[in-house]
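Encoded as structure tokens, the structure appears first; notes follow it.
The values are calculated or read from the model by the stated rules, or taken from the named source; none is laboratory data. Only a predicted model underlies this, so the values are computations on that prediction, with no experimental measurement involved. Neighbour counts are summed over all protein chains in view; Cβ atoms, including those assigned to glycine, are modelled from backbone coordinates with ideal geometry.
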Amino acid sequence: MDSALIPKGVKRCPTWQFALWIGAAGAVLLWGVFAMLLCWFKGLNQTNMNDSYGFALWIWADLAVIALGGGAFFTGFLRYIVGKDELKNIINYAVLIGFICYSSALLILAIDIGQPLRGWFIFWHANVHSMLTEVAFCLTCYFGVLTIEYVPLILENRQIDKVPFFHRLGHNMHEIMAVFAATGAFLSFFHQGSLGGVSGVLFGRPFGYREGIFIWPWTFFLFTWSAAACGPCFTILITKITEKITGKKLVKQNVIELLAKISGWMIGTYIIAKIIDTWYWAKVTAPEAGFNLMDFYSNNPFYGIWILVLEIVICGVVPAIILISEKGRKNPAALMTALILAVIGPCVNRWVMVLQVMAMPVLTFDNWVMYYPSWQEVATTILPVAYGVILISLSYRYLPIFPQEQELNPEA
Amino acid sequence: MKEEQNHEKAKRFGMVIDLDKCTGCGACMVACMSENNVPFKEDESKKLDSITWLRVYKLTNGKPFPDAEICYLPRPCQHCGGKGDHGHSPCVSVCPATATDYSNDTGIVSQIYTRCFGCRYCMAACPYHARYFNWWDPVWPDGMEKYLSPNVSVRMRGIVEKCSFCFHRYQIAMEKAHYEGRGELEENEYQTACTQACPANAITFGDLNNPGHAVHELKKDKNAFRLLERLQTNTKVYYISSREWVRRAGDNYLEKEKK
Amino acid sequence: MKIDRRCFLSLGIGGAAGIALSPLPWKLADDSAIWTQMWPWTPVPADGEVTYVKSACTLCPGGCGISVRKVGNRAVKIEGIEGHPVNDGGICPLGLSGLQLLYGPTRVKSPLKRTGERGEGKWEKISWEEAITEVSKKLGDLRGKGESDSVACISGSDKGTVPALFKRFMSVFGSPNFMRMPSIQDSYEIANNVSMGFIAQSGFDLEKADFVLSFGSGLIEGWGSPVRMIRANSSWRKAGVKVVQVEPRLSNTAAKSDKWIPVNPGTEYALALGLAHVIIRESLYRKDFVQAGALGFIRFRDLILSSYSPESVEKITGVKKETIESLAADFAKSERPIAICGRGQGKAQSSLGELLAVQALNALAGNIGREGGVFAVNDPAYIAWPAYQADETAAAGIKKERIDGAGSVKYGFAKSLTNRFAGAVNSGAPVSLLFVLESNPLYSLPDTKAVKDAFKKIPFIVSFSSFMDDTALNSDIILPNHVYLERYEDVPATAGLSKPVVSLARPVVSPQFNTKHAGDVIILIAKEMGSPVADAFPWDDYQACLEGTAGDKWKILNEEGFSSDPAFTAQVVNTFPGKFDISGGIPDFTILFASVSHEGDPKAYPLFLMPYDSFRIASGYIGDPPFVIKTVEDTVLKGKDILVEINPATAKANGLSAGSYATLKTPKGSARVKINLFEGIMPGLVAMPRGLGHTAYDNYLAGKGINVNELIGTVEDPASGLDAAWGIRANLIKA
């Protein structure tokens, strides 16, 4: 039925099957949209956030998807700036995933603020000292860049490509993509960093606060680094999942291994930096504020030292070792384990940097406050996942996302 | 003349709260709510979404019966000056929309309700929990909105609010002073609602920079302390307690720093 | 023109681009933001001219002066009057919230007549004429039948012109049953009557005392005149005055005191006697006072020396004998020590024995009737109305014995014993008609079930309440009074003050609803009844009565808002070197000085429930307005659950933990409660706040927590008829 739209030389599932799949994802999406509308019309009392948890699940989701979406800028950086040409075979997908992550982040932000209709005040009345202002500007600009990077892909759709104007537009855009990739990398460096700065600058919150250089706390650099390190892992992971679902090999192993190896070295160096940061924080920064390391990890029902071990050792050191070693990369199970751990790592990191910061009391006569999200928060957080699934499905079906697909699946 | 006034030394309004006198009666909290049109809901026992610009904390010394002790500690916004008193309060520096600001003339941290878009970053930044979000639309029972004061605008849902040191009272007092051709206020012309109401006279309010104001000397009391001084928030609310454990409860200390 | 897909697409994209580049989206964004800044459902308070009205607060017996800020014709803020002799600018949380009562949803907006069952909340609005005619007719019928003494009135206070008008009405109508809500005032009156021979209140010159020994009085938690007491506490802190608090629970007063002495509850009298023992034994008492002015000393001394040694007192009270020795010495060696009693806010009575034991300490210190000491204070003197002509019915009626027995042979020292009211009615004392004035007896009296039963036996209940409180809800007709901010009324402040003050409540705003001043209503009812009742009310209306009563002080009251002229307010009785009978002339000391035996089997009820008073929970006639209930901590009230305080040791013994639910059982009833662990309470005790568990009022208060009165009963003090219960035996069972 929709065969005219499907790229030449590839096989796609029957329309009814596709419709069913989209329908299922669409139902989840609608559930999320319903929750979103509740939040907009009834207000944020629909959430389980409170005056102790001004930031909660949503901000974590924002930080996490942006970290994971970092695959787009870093792969682009490697492809266009460093010149790792093989990566052209995965860059489309990296861009798409990045686009989904960033648009989701913006949507979640629009739900998260108490006065969505005044959201643009962040640009109009911008306070240049605020990390959030930096985040908003860079995020929006980079989202623009990602859109520009994504548009040529859309234009490659068989039918659209037939229009000469769009054909030429697409071609010309490809020509200058390096410029945008460079811009994207530059913007990403700042907003990933400023997201790290969000809790790093909170000198009233010793759990999040880090010293740094000029206006930038160390978390500024750690966040950028970890996004660059783990973002590609997320791209690979999603590619692997897509391959699993479609039952096809879509990207050549050497491409994946190259990206995985770079990722491994990035994670390795990141985790060394993170360990140094943690050590300095535990030994110098926190004690200056009157805290021992263990004060941050005791007297509460959830946040034990295990979370630090999980983040640094299990989800940092372990995947780094696997990905750096050739044997590890070549072993499918080990590679998969490493990818999953490398994705969980920054998620845990963003979680503690948002939620544990909120949970921990600073006043001596205050208590730890635990939080669990309301269904509205969960639904609006799953909303982008459903939206991502739909966009990936549509893109995969109608756009030539994977340049190697035809070659790898010749029977089609 | 006018020039001179403008060049006069900047003010730093602040409080000294004598915890030895404070009885925890709660009059300051209610005076604040009543002065500042603070809304209320049917259930205010969920303290994490209960707007109390000034909240009285109950501190205990942690010892068992019969050595247990209690001390009450009223906590308004601390109006932090930040490191070096340059106005880089934890909250002001993070607000993305300049909806909260530090006044170098008065040392007061303001909040512009119509500009705040409710991102709550300032709440995350404040270690004193002095900032409150309007999770709900403010609703008064039919007829009760009659007591709302026009001096303080009613806040809409979805924004952050906090103690302003009753800044509207400063404005009204200044207007009156200007009208009478004065550039300066007398100490008693500008007092916050909580200071005025406190039955124990535990709260003293004034210009910390002005040697003529009571707070100027009181803050130097040997038993005076501030909350979380180690974080260099540089607050303008001082507390006095003759009890060692209460003074130590004002900040975090490492094991080895005990005594 | 044929519109193909390409054309459509171009048009669409071009159109979108065009709109995006036009000012439209920017304008829309701006307009929507402006809309959020002035949402129509977020109120904008109207501006207007700012004025201040000086008045007086009537929400408790404290008698504070208030200054109400108005904007246009709206009252927007209540503040204390600076320089007022009672509160000097200070004000309490309840006083600050008065406007929520004035404009609140609990107001009774017109006279109401019950149409459904009692308590069902079904009412019919009636006119004032109908209401007054109906009540007068009922009264007239009863009087005609010679049952005038079956009419009773329960009033929150007996001070001031409005209660005086009701009292006068009762007398000329022919009923002795004008009752005042029970409080520690009853105990002080009886104690003074016993020890000095006349009924008077006690006033304490606390600001000048140099040692304060309090037996459970919530000195800074609403005892006496609350703001004045907190101010006094601040002055003690400044002057280094030592305050010792004797109490089983670490109340705020105990927490603020220099020394907290936990004592087995109900044994305060024994500790006082133990202290007296040491003072007498060590000859530390003021011989000049005791010899010149105190009677009965020898008898008292012999009893104390033989039976209340520190060793035996330690056994009764649990207070170490060393503590008793040193405390006695500290007390007696001070220049102006004051011993004071009345648990919590003084809402409950105490036994005569406790009062006399504490008063004896003041006598031994010679600190009665002098600066920094205790005074006997007469009722306000300014109400002197011409005598009225009582007819036969009235003369016969007022000679009858009161329902509560006060003034009878058995309870001869008492003026009012409303604590006995419900019991008397339940055992057959006839009450055909009850006036309820500025009080909420159905809620406030202990043993709610008995009180409810008693009320069921009363065929006609007339409430004068401004609010739909628990009693008004269960009445037959409501004649709503103006709220204090809408009316003139004299406010005599007498609670514990050694220098009484009379303030004037003045209308700050015009009446908001179809209400009428209770003073006017009682005058109208009297006039409707005709002679001779009407003849006793020669005034046109209440205003004329008030102005006439104030006489030449009216001008001052109206201008200053208060008068503290002793000739006008009340006379402090000079007792020194007059008669003070330290033994109270009571022939049998064993009934006077005895531990209270509480209801219930100690095996079934191994714990004790004690009510406590909190400044943040109004437990009198007025319930907590929204602002005040907002200040209540979540360790006291969480959602609709009430939390009781117990020691962690008690919790462990009963298998309970912080925040867990339990069933609290007493011989009077049971309730579901939550547990709050508190190191500041004696093991074995369960503390519950007074003032919660209202069935009436608005959603901000009704249904929250438990009314402790449902769980406790009264225990009659055999020496006086006072209620001596400090709590009740109880048990906590994990739920």
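Out of all the residues in region B:25-37, is one or more within 30 Å of A:T133 (Cβ to Cβ) and outside any loop (DSSP other than H, G, I, E, B)? Scanning region B:25-37 turns up no residue that is within 30 Å of A:T133 (Cβ to Cβ) and outside any loop (DSSP other than H, G, I, E, B).
One residue is enough: does region A:111-130 have a residue meeting the conditions part of a helix (DSSP H, G or I), closer than 25 Å to A:T219 by Cα and within 16 Å of the chain's Cα centre (by Cα)?
no
Taking every residue in region A:107-136 that is in contact (Cβ under 8 Å) with a residue 60 or more places away in the chain and more than 7 Å from chain B (Cβ to nearest Cβ) and pairing it with any residue that is of a type in the set (G, A, S) and surrounded by fewer than 21 Cβ atoms within 10 Å (Cβ to Cβ), at least 6 positions away or on another chain, the pairs with Cβ-Cβ distances below 7 Å are A:P116/A:A110.
With the condition being closer than 20 Å to C:D723 by Cβ and modelled with pLDDT of 90 or more, I'd like the helices (runs of 4 or more DSSP H) fully within region C:378-444 carrying at least 3 qualifying residues.
Where helices (runs of 4 or more DSSP H) fall fully within region C:378-444 and carry at least 3 residues being closer than 20 Å to C:D723 by Cβ and modelled with pLDDT of 90 or more, they are C:421-426, C:441-444.
Considering only region C:409-419, I want to know if a residue exists there that is surrounded by fewer than 24 Cβ atoms within 10 Å (Cβ to Cβ), closer than 21 Å to C:S148 by Cβ and out of contact with any helix residue (DSSP H, G or I) (no Cβ under 9 Å at 6 or more places or on another chain). No, because not a single residue in region C:409-419 is surrounded by fewer than 24 Cβ atoms within 10 Å (Cβ to Cβ), closer than 21 Å to C:S148 by Cβ and out of contact with any helix residue (DSSP H, G or I) (no Cβ under 9 Å at 6 or more places or on another chain). Scanning region A:30-69 for residues that are part of a helix (DSSP H, G or I) and facing chain B (nearest Cβ under 8 Å) gives A:L44, A:N45. Of the residues C:A687, C:A702, the single one that is more than 28 Å from C:G104 (Cβ to Cβ), under 22 Å from the mean Cα position of the chain (by Cα) and not basic (K, R) is C:A687. Run down A:A35, A:A67, A:A94 and say which single residue is touching a Lys or Arg at 6+ places or on another chain (Cβ under 8 Å) and surrounded by 23 or more Cβ atoms within 10 Å (Cβ to Cβ). Going through A:A35, A:A67, A:A94 in turn, just one is touching a Lys or Arg at 6+ places or on another chain (Cβ under 8 Å) and surrounded by 23 or more Cβ atoms within 10 Å (Cβ to Cβ): A:A67. Can you work out which of the residues in region B:43-83 that are touching a residue at least 60 places away in the same chain (Cβ under 8 Å) and in a helix (DSSP H, G or I) is nearest to the other protein chains (Cβ to nearest Cβ)? Looking at residues that are touching a residue at least 60 places away in the same chain (Cβ under 8 Å) and in a helix (DSSP H, G or I), I get B:D49.
Going by what's in this entry, would C:A658 be described as more than 13 Å from chain B (Cβ to nearest Cβ) and either assigned to a loop (DSSP other than H, G, I, E, B) or not small (G, A, S) (or both)? Yes: the conditions hold for C:A658.
Of the residues in region C:485-501, not one is within 28 Å of C:P85 (Cα to Cα), surrounded by fewer than 24 Cβ atoms within 10 Å (Cβ to Cβ) and among the β-branched types (V, I, T).
Tell me whether region C:329-343 contains one or more residues that are more than 34 Å from the chain's Cα centre (by Cα) and more than 25 Å from C:I230 (Cβ to Cβ). Yes, region C:329-343 contains a residue that is more than 34 Å from the chain's Cα centre (by Cα) and more than 25 Å from C:I230 (Cβ to Cβ). If only residues of region B:106-117 that are farther than 30 Å from B:A200 by Cα and more than 8 Å from chain A (Cβ to nearest Cβ) are counted, the one that is farthest from the chain's Cα centre (by Cα) is B:T114. Among the criteria (1) part of a loop (DSSP other than H, G, I, E, B); (2) within 12 Å of chain A (Cβ to nearest Cβ), the one B:W245 does not fulfil is (1).
Considering the conditions (1) part of a loop (DSSP other than H, G, I, E, B); (2) surrounded by fewer than 20 Cβ atoms within 10 Å (Cβ to Cβ), C:G18 is excluded by exactly one of them, (1).
One residue alone among A:I6, A:I22 is more than 30 Å from B:R155 (Cα to Cα) and touching a Phe, Trp or Tyr at 6+ places or on another chain (Cβ under 7 Å), and that residue is A:I6. Quick one: in region A:78-91, which of the residues that are of a type outside the set (D, E) and more than 12 Å from A:M177 (Cβ to Cβ) is surrounded by the fewest Cβ atoms within 10 Å (Cβ to Cβ)? If we take residues in region A:78-91 being of a type outside the set (D, E) and more than 12 Å from A:M177 (Cβ to Cβ), then A:G83 is surrounded by the fewest Cβ atoms within 10 Å (Cβ to Cβ).
Mind listing whichever residues of region C:83-95 are more than 9 Å from chain B (Cβ to nearest Cβ) and surrounded by 22 or more Cβ atoms within 10 Å (Cβ to Cβ)? Listed by number, the residues that qualify are C:H84, C:V86. Pull up region C:518-538, narrow it to residues that are in contact (Cβ under 8 Å) with a residue 60 or more places away in the chain and in a loop (DSSP other than H, G, I, E, B), then point me to the one that is surrounded by the fewest Cβ atoms within 10 Å (Cβ to Cβ). For region C:518-538, the residue satisfying everything is C:P538.
Working only within region C:110-124, note down all residues that are in a loop (DSSP other than H, G, I, E, B) and surrounded by 15 or more Cβ atoms within 10 Å (Cβ to Cβ).
C:S110, C:P111, C:R118, C:G119
Among (1) modelled with pLDDT of 95 or more; (2) surrounded by fewer than 24 Cβ atoms within 10 Å (Cβ to Cβ); (3) more than 11 Å from every other protein chain (Cβ to nearest Cβ), there is one condition C:P262 misses while meeting the rest; what is its number? The one condition C:P262 does not meet is (3). Just one residue in the set C:A272, C:A254 is at pLDDT 90 or above, more than 14 Å from chain B (Cβ to nearest Cβ), surrounded by 21 or more Cβ atoms within 10 Å (Cβ to Cβ) and closer than 29 Å to C:V715 by Cα; that residue is C:A272.
Taking the listed residues A:F74, A:F121, the one that is of a type outside the set (K, R) and closer than 30 Å to A:Q253 by Cβ is A:F74, with no other qualifying.
Does region A:234-255 include one or more residues that are crowded, with 19+ Cβ neighbours inside 10 Å and either in contact with a Pro (Cβ under 8 Å, 6 or more places away or on another chain) or within 14 Å of another protein chain (Cβ to nearest Cβ) (or both)? No, every residue in region A:234-255 fails to be crowded, with 19+ Cβ neighbours inside 10 Å and either in contact with a Pro (Cβ under 8 Å, 6 or more places away or on another chain) or within 14 Å of another protein chain (Cβ to nearest Cβ) (or both).
For A:P206, the criteria (1) more than 19 Å from B:P96 (Cβ to Cβ); (2) part of a helix (DSSP H, G or I); (3) not aliphatic (A, V, I, L, M) hold in every case but one, which is (2).
Can you find a residue in region B:94-105 that is more than 8 Å from every other protein chain (Cβ to nearest Cβ) and hydrophobic (A, V, I, L, M, F, W, C)? No, every residue in region B:94-105 fails to be more than 8 Å from every other protein chain (Cβ to nearest Cβ) and hydrophobic (A, V, I, L, M, F, W, C).
What are the residues in region C:240-271 that are aliphatic (A, V, I, L, M), assigned to a helix (DSSP H, G or I) and within 20 Å of B:R243 (Cβ to Cβ), if any?
C:A254, C:A255, listed by residue number.
Within the set C:G80, C:G98, the sole residue that is more than 9 Å from every other protein chain (Cβ to nearest Cβ) and either touching a Leu at 6+ places or on another chain (Cβ under 6 Å) or not charged (D, E, K, R) (or both) turns out to be C:G98.
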